[in-house]
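Single-structure report; data block below.
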Amino acid sequence: MNQDLLQAARNAMGKAYAPYSNFSVGASIRSTGGNIYSGCNVENAAYPQGCCAEASAISAMIGAGERQISELCVIGPGDALVTPCGGCRQKIREFANDNTPIHICGPEGLRRTLTLAELLPLSFGPENLDTVRGNQS
Ligand code: THU
């Protein structure tokens, strides 16, 4: 992974709003257009309304008019791998494919790179809807 992607995720982690979990996460996306989009987790006093870093980064990419993730980086604290939550794996799936690299980082740097298929095998995606005859979406 190139350091520019890691740096973007690290910068975003520094902006996290995580007063309830005290667990700041940053995420960054390199789009197929070659641009970097980043985001952080944004928690809420109404706990379920919080937003993950990956979802924030995806929103930034979509808001800029891009639709394809070429690689994604997540960085968080602690000794365990900060892998995207189940919901975020599905959100990433919408704009990525089985081979898309997901870089998992800790404060010291890259810990592991996994493909989206490793994180979300046999996933359901937009193409599933195309296989239904008469479905126009
Ligand atoms: N979180 C993320 O933003 N991304 C992940 O990959 C794992 C978890 C956030 C959600 C919540 O704000 C905090 O980390 C603790 O779960």
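Every number in this text was worked out from the coordinates using simple rules, so none of it is lab data. Keep in mind it's a predicted model, so treat the numbers as computed, not measured. Don't worry about glycine lacking a Cβ; one is built from the backbone with ideal geometry, like all the others, and counts go over all protein chains shown.
Under 15 Å from the 7 Å Cα→Cβ point of Asp130, by amide nitrogen: which residues of the stretch 74-95?
94-95
What percent do you get for the relative contact order of the stretch 3-132 when only Cα pairs under 8 Å and 6+ apart count? Display every interim value, and only then the final one.
Details: 273 pairs, mean separation 25.1, N = 130.
Relative contact order comes out at 19 percent.
Once phi is turned into ³J(HN,Hα) by the Karplus curve 6.51 cos²θ - 1.76 cosθ + 1.60 with θ = phi - 60°, what whole-Hz value does each residue of the stretch 114-120 show in order, with x for glycine and proline?
10, 8, 4, 5, 5, 7, 9
Asp98's amide H: which non-local residues (gap 5+, or another chain) put their own amide H closer than 5 Å, with H modeled 1.01 Å from N in plane and none for Pro or chain starts?
Distant-sequence amide H within range of Asp98: zero hits.
Let me know the longest stretch in the chain that avoids all GluC sites (Glu not before Pro) found in a DSSP loop with at most 14 other C-beta atoms within 10 Å.
The longest such stretch corresponds to 1-93.
What is the log10 of I(q)/I(0) for the stretch 33-82, computed with the Debye formula using one identical point scatterer on each Cα and no solvent, at q = 0.13, 0.14, 0.18 Å⁻¹?
-0.37, -0.43, -0.65
Please give me, ordered by residue number, the trypsin sites (Lys or Arg not before Pro) of the stretch 20-129 that lie in loop per DSSP and have at most 16 other Cβ atoms within 10 Å.
Those satisfying the criteria are Arg67.
Once you charge only the Cβ atoms, +1 for Lys and Arg and -1 for Asp and Glu, what is the size of the charge dipole of the stretch 1-107 about its Cα centre, to the nearest 20 debye?
For this selection, approximately 100 debye.
Given the -39500 (n - 2.57) contribution per DSSP H run of 4+ residues, what per-residue ellipticity at 222 nm results for the chain, rounded to the nearest 500 deg cm²/dmol?
It comes out at -7500 deg cm²/dmol, rounded to the nearest 500.
Take Leu122 and Gln3, extend 7 Å from each Cα along the Cα→Cβ direction, and tell me the distance between the two endpoints in nm.
4.3
For the pair Tyr47 and Ile62, how long in nm is the line joining their label points, each one 7 Å along Cα→Cβ?
Reported label-point gap for Tyr47 and Ile62 is 2.6 nm.
Longest exposed-loop-site-free stretch of the chain, with chymotrypsin sites (Phe, Trp or Tyr not before Pro), DSSP loop and at most 12 other Cβ within 10 Å?
It runs 21-123.
Across the Cα atoms of the stretch 3-132, what radius of gyration and what greatest pairwise Cα-Cα distance (Dmax) are found, in Å?
Every Cα atom of the stretch 3-132 included, Rg and Dmax give 14.1, 46 Å.
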